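In what follows, a single structure is set out as C-alpha cells and then discussed.
Only the coordinates and a few stated rules stand behind these numbers; no lab work does. Keep in mind that what you see is a predicted model, and the values were worked out from it rather than measured. Cβ: placed from backbone, ideal geometry, glycine included. Neighbour counts: every protein chain shown.
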Amino acid sequence: MNKKGIGLRPMMTNLSLVLLFSFFMLSFVYTSIEIQNPNSDIFSDTYGLNNSKNSMESTLGNFTDTSDNIFNQIAEDKPTAVDFLFLIFKGAFYIPWTFLSFAITSLNALVVVIFPALAGTGLGSITTTATAIMLSSILVTIVLLTVKAIRTGESER
Amino acid sequence: MTYPELNGTLVRDDLMELFVYSNVVTGGLFGLFITMGFFLVVFIGVMMSYISRGRDIEIEKCMLAASFATLGWATILEMSSGILNPVYFFVIIGITILSMIWVAVGD
C-alpha cells in the first residue's frame, strides 16, 4: 500500500466510487440481459439481482425526493425568513442523511448479490467472514465520517 | 454415450445454439471453461503488460481488469439461456465487486 490512499477521506472517496461503479455495473448487466433474454434464470429470486437493483434505485430516488422537497419549499407563495433559516438547517441534515442512506443501502445491495454467489460455491466461511468484517468496517467508517463532517461544520459550507 | 444430434437443434436460426449444443454435450462444462479461459487470458495478459513495462506487478489491478472483462464476456453469454450457469455468473459479479474493493482499499 502506498501512502497516497491512507486516511479517512481518500478511503471514503475510493469506496464511494466503488459503490457508484457497482451500481452502474449492476444496472448495465441487469438491463442488457433483460432486453435480450427476459426469461433468464438470473432474474429468479434465488440470486437477488432484482432486490439489489430495486433497493439501489429506491435510494437514488431519495435524492430526487430531497431535491423536490427543497424546490417545493422555495417555490411557496410567501416564504418568510424563518422558512429559509429552517430550510438551511434542514438541508444541512437531509443531504448527509441521504448520502448515508445511499451508502448503507448500496452496501446492502452488494451483500445481497455477493453472499448468494459465494455461499453455493464452497469458497468457505473464511471468505464470507472476511467480507462481513470488511463491509462492517466500511459502514463504521461512513458513520464516523458523517459525524465528523457535521461536527466540524464541513457539511454546511 | 450418445451425443444429441446437431440437426435437431436450432443452429440454422441462431448461431448461439452452437454454444448451447457444446454446453449440452460437455455436461455444462463448456460455458464454465470458456469463461475461465477468458479470465486467465486477460489476467496473464495484464501481468505480462506489467512485466514488459518493467514495473512491479500489482495483482489486484490484474484481478480487476480480468474480472471486469470476464463480466462483459459472461453478460454476452447470459443473453442466451443454457450456456453459462447463473451461479458462475454471480460468482463473477462477486469477484468483480471484491476486486474493486481490494483496489480501493489497497491503493
Return the sequence-ordered ³J(HN,Hα) values of the range A:22-31 in whole Hz as given by the Karplus equation 6.51 cos²θ - 1.76 cosθ + 1.60 applied to θ = phi - 60°, using x for Gly and Pro. 4, 4, 5, 5, 5, 4, 4, 4, 4, 5
Relative contact order [Cα under 8 Å, 6+ residues apart], chain B, whole percent: 26
Only sites in a loop by DSSP and with at most 13 other Cβ atoms within 10 Å count here; which chymotrypsin sites (Phe, Trp or Tyr not before Pro) in the range B:47-107 make the cut? none
Tell me, what HN-Hα J-couplings in whole Hz come from the Karplus equation 6.51 cos²θ - 1.76 cosθ + 1.60 at θ = phi - 60° for each residue of the range A:49-58, using x for Gly and Pro? 5, 4, 4, 5, 5, 5, 5, 5, 5, 5
Taking 30 Å as R0, compute the FRET efficiency from the Cβ-Cβ separation of residue A:64 and residue A:36 and round it to 0.05. 0.55
Given the rule -39500 (n - 2.57) for each run of at least 4 DSSP H residues, summed and divided by the residues of chain B, what is its mean residue ellipticity at 222 nm, to the nearest 500 deg cm²/dmol? -24000 deg cm²/dmol
Charge tally for neighbours of residue A:109 with beta carbon under 13 Å away, counting Lys, Arg as +1 and Asp, Glu as -1, is 0
